[in-house]
Amino acid sequence: MSQNEPSFGELLASARQSAVHLEMRDSYGVGDESADFEHWKRTGRRDVDPVSTYWRPWVELIRRTVARGVTVRRARVVSEPVTDYIRYEHAGTVVNVHAGEQVRWLPRRHVSALALPGNDCWVFDDETVLFNHFSGNGDWSEPSWEVRTEPTVARLASSAFEAVWERGIPHENYVV
């Protein structure tokens with residue numbers, strides 16, 4: 001990330017109509033959720049309290065965004081049988097939905113004929129793409145993101161998201 005690139009918060013705040021997130025990894029290892037993930041693995045219980053210290057900032061951010069009229073959607077491409085991480089993520093998605101996100105899941109076997117970007121990404125208003133960069137073990141790499149606004153890149157990411165979304169299974173119907 002260069003010093004001139006906007007942050008995720010700035011990009012989300014500037015969205016006028018849509019913010020969509022395409023996730024394609026079967027496991028993430030980002031530090032801010034590692035304690036919660038380890039707790040879930042030990043106990044089978046996930047923090048799903050939207051006002052908890054863990055969730056409150058995200059819930060408030062998404063609620064503010066949706067209240068401005070921005071549609072927030074998340075599509076997850078997953079291998080089946082799913083990994084422990086995906087089961088953990090699925091268990092917490094009730095909070096994403098509570099905050100105002102729409103979420104769909106798509107088994108990886110259904111994406112073979114789709115052109116997908118090489119990295120997870122957020123697309124804002126079909127114009128600006130924030131690509132997330134992860135290391136092999138799923139933690140943030142450096143730089144952790146890059147922002148791209150070239151029309152061809154935005155079209156690729158936006159059309160990839162829409163193709164996954166179209167085929168995806170709504171969260172309430174996807175069983176892990």
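Side notes on the structure shown:
- Within the range 99-176, strands (runs of 3 or more DSSP E) holding 1 or more residues that are at positive phi and out of contact with any Cys (no Cβ under 9 Å at 6 or more places or on another chain): none
- Among residues of the range 15-55, those that are modelled with pLDDT of 95 or more, under 17 Å from the mean Cα position of the chain (by Cα) and outside any loop (DSSP other than H, G, I, E, B), counted: 6
- Scanning the range 1-14 for residues that are part of a loop (DSSP other than H, G, I, E, B) and surrounded by 11 or more Cβ atoms within 10 Å (Cβ to Cβ) yields M1, E5, P6, S7.
- Boolean, V66 is outside any loop (DSSP other than H, G, I, E, B) and over 25 Å from G136 (Cβ atoms): yes
- Looking only at residues of the range 138-161 that are more than 17 Å from the chain's Cα centre (by Cα), at pLDDT 95 or above and charged (D, E, K, R), we find that the one that is farthest from D84 (Cα to Cα) is E150.
Results for (1) farther than 19 Å from D26 by Cβ; (2) buried (at least 17 other Cβ atoms within 10 Å of the Cβ), shown as yes or no for each residue.
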| site | (1), (2) |
| --- | --- |
| N96 | no, yes |
| W105 | no, yes |
| S112 | no, no |
| G118 | no, no |
| D125 | yes, no |
| L130 | yes, yes |
| H133 | no, no |
| G138 | no, no |
| W145 | yes, yes |
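- Criterion (farther than 27 Å from A163 by Cα, surrounded by 12 or more Cβ atoms within 10 Å (Cβ to Cβ) and among the acidic types (D, E)) met by exactly one of D32, D84, D47: D47
The values are calculated or read from the model by the stated rules, or taken from the named source; none is laboratory data. The structure displayed is predicted, hence computed values, not measured ones. FYI the Cβ positions are ideal-geometry reconstructions off the backbone, even for glycines, and counts take in every protein chain you see.
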